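Please read the structure below before turning to the comments.
The values are calculated or read from the model by the stated rules, or taken from the named source; none is laboratory data. Just so we're clear, the structure is a prediction, and the values are computed from it rather than from any experiment. Cβ sites come from the backbone with ideal geometry, for glycine too, and all protein chains shown count toward neighbours.
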Amino acid sequence: MAITLKKLSPNLGAEITNLNLGNSLGAELTAEIRQIWLDAGGLLVFRDQVLTTSQHIAFSCNFGPLFGAPGEDRLQDTVGRYIHPKYPEIYRVSNKIKNGQLIGRERAGAYWHSDVSFRQRPAAASILYAHEVPAVGGDTMFADMARAYDALSEPMQQMLAPLRAHHDFSVAAASQYSAQIVVTDDLESGNQPFHPVVRTHAETVCKSLFINPGFVSHFDGFERAESGPLLDFLYTLATRPEFIYRHRWQERDLVMWDNRSLMHYAVADYGEEPRYMGRTTVIGDTPA
Ligand code: SIN
């Protein structure tokens, strides 16, 4: 059966409606999905997926090793309390309370970031499944960092080419997490790599900006006062409306995005309405 595909915006995102991801895909279909995902700028939406948590994980494993899987790296310990107790590959994002405790990280990701960019090997794909969503609100926005790079003048591209940025979990720890929950070991060297500012995607060979305000502190060798204005200029460019796709969730959506070339922002505008998402996170390569 041919895959039914619809563009979600002129440059970023595609939607697939006629696949049941609960079935085993096989190598050929997996390769086809991967190619559609890359061609769609790294943003793929699957609608109406009735998936168990095991099926979500099994689908995700087609795209590489997962954070939290046996023998693989875990996400930062600060979010350990939000990992599914039975499925260590699942990071839960939710404002729902069970037995007096939040079942996931409440309003996670309400800032522009690229998942786990503070590791030597950051996330490639993130695969988020919508268990429960508000009637309106709780959208996720995606910014296309390859298009942002392409929009730069050639002299600016050349100036950025040799630069590296310091990605540091402490930046998010200070601005996004209450001090009580931050695990201090997370603030040490394993979560503070330098990555190239201009990243060449290992599969598409496209160049993109690999920086994000969530985790980047400064450019290597620059004073913070020197880095700040240039980073702000690049973030303003990258988040121009024409480089953004805004996903309005429906329950049972599964969205797969490419952290190598996109930033995302989860809009926390839904008050007390319940929102419950489960995420698997594929471990990527060292940015080059
Ligand atoms: C995340 O940053 O992974 C959370 C995204 C979302 O909840 O929409």
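If Thr30 meets every condition in (1) modelled with pLDDT of 95 or more; (2) crowded, with 16+ Cβ neighbours inside 10 Å; (3) farther than 20 Å from Lys86 by Cβ apart from one, which number is that one?
Condition not satisfied by Thr30: (2).
Those residues that are surrounded by 17 or more Cβ atoms within 10 Å (Cβ to Cβ), in contact (Cβ under 8 Å) with a residue 60 or more places away in the chain, in a helix (DSSP H, G or I) and hydrophobic (A, V, I, L, M, F, W, C), I need them from the stretch 161-191; list them, please.
Phe169, Ala172, Ala173 - these are the residues of the stretch 161-191 that are surrounded by 17 or more Cβ atoms within 10 Å (Cβ to Cβ), in contact (Cβ under 8 Å) with a residue 60 or more places away in the chain, in a helix (DSSP H, G or I) and hydrophobic (A, V, I, L, M, F, W, C).
So Gly228 clears everything in (1) modelled with pLDDT of 95 or more; (2) within 30 Å of His131 (Cβ to Cβ) except one condition, right? Which one?
Every listed condition holds for Gly228 apart from (2).
Looking at this structure, is Ser208 over 25 Å from His84 (Cα atoms), without any contact (Cβ under 8 Å) to a residue 60 or more places away in the chain, in contact with a strand residue (DSSP E or B) (Cβ under 8 Å, 6 or more places away or on another chain) and among the polar types (S, T, N, Q)?
no
For Arg81, indicate whether it is within 27 Å of Ile211 (Cβ to Cβ), in contact (Cβ under 8 Å) with a residue 60 or more places away in the chain and not hydroxyl-bearing (Ser, Thr, Tyr).
It is false that Arg81 is within 27 Å of Ile211 (Cβ to Cβ), in contact (Cβ under 8 Å) with a residue 60 or more places away in the chain and not hydroxyl-bearing (Ser, Thr, Tyr).
Considering only the stretch 203-288, give the strands (runs of 3 or more DSSP E) lying wholly within it that have at least 2 residues that are more than 12 Å from the ligand (Cβ to nearest atom), out of contact with any Pro (no Cβ under 9 Å at 6 or more places or on another chain) and not basic (Lys, Arg).
Qualifying strands (runs of 3 or more DSSP E): 207-209, 216-219, 244-247, 254-258.
I'd like to know if the stretch 247-255 contains one or more residues that are of a type in the set (Val, Ile, Thr) and loosely packed, with under 15 Cβ neighbours inside 10 Å.
The answer is no; no qualifying residue exists.
Find the residue count for the stretch 35-58, including only residues that are in contact (Cβ under 8 Å) with a residue 40 or more places away in the chain and under 17 Å from the mean Cα position of the chain (by Cα).
Of the residues in that region, 10 qualify.
So for the stretch 202-216 (the condition being surrounded by fewer than 19 Cβ atoms within 10 Å (Cβ to Cβ) and among the polar types (S, T, N, Q)), does at least one residue qualify?
For the stretch 202-216, residues surrounded by fewer than 19 Cβ atoms within 10 Å (Cβ to Cβ) and among the polar types (S, T, N, Q): present.
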